[in-house]
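See structure below.
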Amino acid sequence: MTLDLTGRVARGDLTLDIDLHLSAGLTAITGANGSGKTTLLRVIAGFERLDAGELTIDGEVIDTSGAGPISAAHERPVTMMFQDHRLFDHLSAVDNVAFAARRRRTPRAEARQTAMSHLEAVGMASLADARPRALSLGQRQRVALARTLAAPTRVALLDEPFAAIDESGRAAVRALLPAVDATYVLWVTHDPADATVATQHVSVDRGVVRQTLTR
Amino acid sequence: MTTVQQRTPRPLLVPAVIGALILIAPLVGLLQRAPWSTLIERLTTDAVLDAMRVSLIVSIGAAGACLVFGLPLAWVMARSSGRGIAALRILVLLPMVLPPVVGGTALLFALGRRGLFGEYLDRWFGITLPFTTAGAVVAATFVALPFFVTTVESALRDAGTDLEEAAATLGAGPWATFVHVTLPATRSAIGAGLALSWARALGEFGATITFAGSLGGRTRTLPVETFLALETDPESAVAISVLLLAISIAVLVLLRGRWLQR
């Protein structure tokens, strides 16, 4: 079982040459600012099309530049946590986290109960009823993380998930990574401490995307 | 801390005052002539009550039509690009600057019984629009729709697709995303668009009288009643005008958070 992404994506000045064959587990993605890490995640999530190549997850073709079916973002077994969080301002923290379950027609009470347990895991249970606007940047990031954890899929993509969380709280949320309910967890990070948790590493360097090491 | 206000240059001051007077003087004239002691009586005559009823039906119907047809139109325009959309945007704005009487004439030749589409509406569905209340709703919708569409379209553009992407990665399809994310995120703009289009529909005169005429109790709206009353009973015309003025001010006060920021 692997996640295979090979090919090319060109967006303005940026061209990514990608060759990845990832096994299940935790994959840390590193690279300089503007090197294309976010673009890489957006290709997997379904917001950017491959100009050449193919994305398969467990052998199933998800995206291809050749002839064949292409899954829309909402049909992919992929969830993504964005760097700018993108919480829904009209929903409370707990309803943000319950969003994915509600779309799968889970009854409201049950979805909220599950959401509460995820908020507890990121230390946000006491602010469950707060609107995102009323939260600090770090608190919003925790809620966004909980929202992603509450949407079980095969692939979880996290774009700098701990960047806004203070140093003292970071270890606790980092410990949640192995508990993410997804076969493949890919996260972008600049923090060397993050890399120690990873089982695989991907580097994005001047448009070249490669696996560098497998532990 | 108080910032020192820049002194207004003299050459600007006089035209500025005249400009403000052009807007304010007619309102003062109207209020000065208003028959305050008999206002309630004049606003509750059978003719005025009939016109009020017609106006309410027509303006609420038009605002409803703006919501049902204008919201999808605004969404499509906000999320698409290309030359066709640019041309469509100009066409959607057209009723804002087009003389309403031209709009009414165009409606007559499009939807009249002998009109391009009206002939088939009549023959296939038995629907006749000219000189009916439904026709008055169509005329009011024609002039009010741009106010709704432009308000909502710009809000949808400002909101962007960030939240819609977030919803998609949480498994929400396009329709669920529209209902559960896009609509709530733009609800205040939708409310503002409704208020604006309703106020515009309430004040509609030219297209209505051209396309729907002035049938008492059916197409004679408050503005049409005002125009007719000027000949026979100017006091009543002033009374209705004061009422419409009050409603217009109320709508602006309601929207002050959006447009009347200092």
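Every number in this text was worked out from the coordinates using simple rules, so none of it is lab data. Here the structure is a predicted model, which is why all the values come from computation and not from measurement. Using ideal geometry, Cβ is built from the backbone for each residue, glycine included, and neighbour counts are taken over all protein chains shown.
Evaluating 6.51 cos²θ - 1.76 cosθ + 1.60 at θ = phi - 60° for every residue in region B:37-45, the Karplus couplings come out as 5, 10, 4, 4, 4, 5, 8, 10, 5 Hz, glycine and proline recorded as x. Computed over the Cα atoms of the protein assembly as shown, pair by distinct pair, the Kirkwood hydrodynamic radius stands at 26.9 angstrom. In terms of the mean number of neighbouring beta-carbon atoms within 10 Å, the peptides A:84-94, B:200-210 order highest first as B:200-210, A:84-94. Each of B:ALA47, A:ALA130, A:ALA150 was scored by the projection of its Cα onto the charge dipole of the protein assembly as shown, and the greatest displacement toward the positive side belongs to B:ALA47; charges sit on the C-beta of Lys, Arg, Asp and Glu.
In a simple Cβ point-charge model (Lys, Arg +1; Asp, Glu -1; nothing else charged), region B:60-163 has a dipole of about 240 debye relative to its Cα centre.
Cα centroids of region A:121-149 and region B:7-77: 46 Å apart. Each principal axis of the Cα cloud of region A:156-215 was taken in turn, and the coordinate range along them, longest first, works out to 33, 24, 19 Å.
Over all directions, the projected convex hull of the C-alpha atoms in region B:58-220 averages 10.6 nm² in area. Peptide B:156-169 has a mean shielding of 5, counted as Cβ atoms of other protein chains within 10 Å of each residue's Cβ. Remark: mean inter-chain Cβ contacts per residue of B:170-182 equal 5, using a 10 Å Cβ-Cβ cutoff to other protein chain atoms. How high is the FRET efficiency from B:THR8 to B:LEU121, r the C-beta distance, R0 41 Å, rounded to 0.05? After rounding to 0.05, the efficiency reads 0.10.
Computed from backbone phi, the HN-Hα couplings of region B:173-189 come to x, x, 6, 4, 5, 4, 6, 9, 10, 5, 4, x, 5, 10, 5, 6, 5 Hz, rounded to whole numbers (Karplus: 6.51 cos²θ - 1.76 cosθ + 1.60, θ = phi - 60°; Gly and Pro given as x). Basic side chains Lys and Arg get +1 at the Cβ, acidic Asp and Glu get -1 at the Cβ, and with that the dipole of chain A about its Cα centre reaches some 600 debye. In this rough spin-label picture, where each label sits 7 Å from Cα along the Cβ direction, the A:THR196-A:THR56 distance is 3.8 nm.
Each Lys and Arg adds +1 at its Cβ and each Asp and Glu adds -1 at its Cβ; summed about the Cα centre, the protein assembly as shown shows a dipole of about 760 debye. Of the peptides A:145-155, A:55-65, B:109-119, the ranking by mean beta-carbon count within 10 Å, highest at the top, reads A:145-155, A:55-65, B:109-119. Annotation: amide H-H contacts under 5 Å for A:TYR184 (H modelled 1.01 Å from N, sequence separation of 5 or more, or interchain): A:GLY25, A:VAL155, A:ALA156.
Each peptide in B:240-250, A:37-47 receives the mean, over its residues, of other Cβ atoms within 10 Å, and ordering these scores from highest gives A:37-47, B:240-250. Within 10 Å of the Cβ of each residue in B:12-23, the mean number of Cβ atoms contributed by other protein chains is 0.
3J(HN,Hα) along region A:26-43: 9, 10, 8, 10, 10, x, 5, 4, x, 7, x, 5, 5, 4, 4, 5, 5, 5 Hz, from the Karplus curve 6.51 cos²θ - 1.76 cosθ + 1.60 with θ = phi - 60°, whole Hz, x for Gly and Pro. Count Lys and Arg as plus one, Asp and Glu as minus one, and take only other residues whose Cβ is under 13 Å from that of A:ASP63; the net charge is then -2.
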